[in-house]
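Every number in this text was worked out from the coordinates using simple rules, so none of it is lab data. Keep in mind the model is a prediction, meaning the values are calculated, not measured. Cβ coordinates were reconstructed from backbone atoms using ideal geometry, including for glycine residues, and neighbour counts include every protein chain displayed.
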Amino acid sequence: MIDLTFQFGGEMILIKIEGNSVTFGSTDQGAQMAPIDGLKIDKKGVIKEFPDLKGNPEWRIEAIKRFKEKIRQMKTERNKADYIISDLKKFGYIPKRIQINGRRPENING
């Protein structure tokens with residue numbers, strides 16, 4: 001299990017990776033964690049990442065499907081964490097901490 005913490009504007013975003021399961025939460029939602037299916041997804045960000053979804057009425061469903069498939073293809077939780085860190089940085093999320101199960105949290109320089 002790996003926990004990631006990001007800053008986005010004035011809120012902290014929490015991400016938990018357990019195998020192929022990735023859940024998300026933020027400080028404005030309290031301690032609630034949700035899978036990507038329950039998150040608000042920015043259409044502009046999706047179109048920027050997947051231009052072929054422009055004009056597709058099912059853009060949200062397809063973007064979530066692609067994210068889940070990408071996660072499933074990665075072999076380790078660390079690979080998944082590195083991908084999420086790299087991907088969210090493109091959208092203005094600032095990575096702050098990573099905690100790998102059984103270890104102390106480490107600051108992310110990035």
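Of the GluC sites (Glu not before Pro) found in segment 13-86, those that fall in a DSSP loop while having at most 10 other beta-carbon atoms within 10 Å are 58.
Per-residue Karplus couplings for segment 38-46, computed as 6.51 cos²θ - 1.76 cosθ + 1.60 with θ equal to phi - 60°, are listed in order as x, 8, 6, 10, 6, 4, 4, x, 5 Hz, Gly and Pro entered as x. Close amide H partners of residue 12, meaning residues 5 or more places away or on another chain with modelled amide H under 5 Å apart, are 27, 28. Seen against the Cα atoms of the chain and their longest principal axis, helix 59-73 is set at about 40 degrees.
If you take the beta carbon distance between residue 79 and residue 23 as r and set R0 to 25 Å, what does 1/(1 + (r/R0)^6) give as a FRET efficiency, to the nearest 0.05? Calculated transfer efficiency: 0.90. The chymotrypsin sites (Phe, Trp or Tyr not before Pro) found in segment 56-110 that occupy coil by DSSP, while having at most 16 further C-beta atoms within 10 Å, are 91. Contact order for the chain, expressed relative to its length and based on alpha carbon pairs under 8 Å spaced 6+ residues apart, stands at 31 percent. Taking the C-alpha atoms only, the angle from helix 77-89 to the longest principal axis of the chain is near 60 degrees. Rounded to the nearest 500, the helix-only mean residue ellipticity at 222 nm of the chain stands at -10000 deg cm²/dmol, with each DSSP H run of n ≥ 4 adding -39,500 (n - 2.57).
Computing Rg and Dmax of the Cα atoms in Å directly from the structure and comparing it against [x] 14.0, 45; [y] 17.8, 59; [z] 27.5, 96 singles out [x].
In this structure the amide hydrogen of residue 74, modeled in the peptide plane, comes within under 5 Å of no amide hydrogen from residues 5 or more places off or on another chain.
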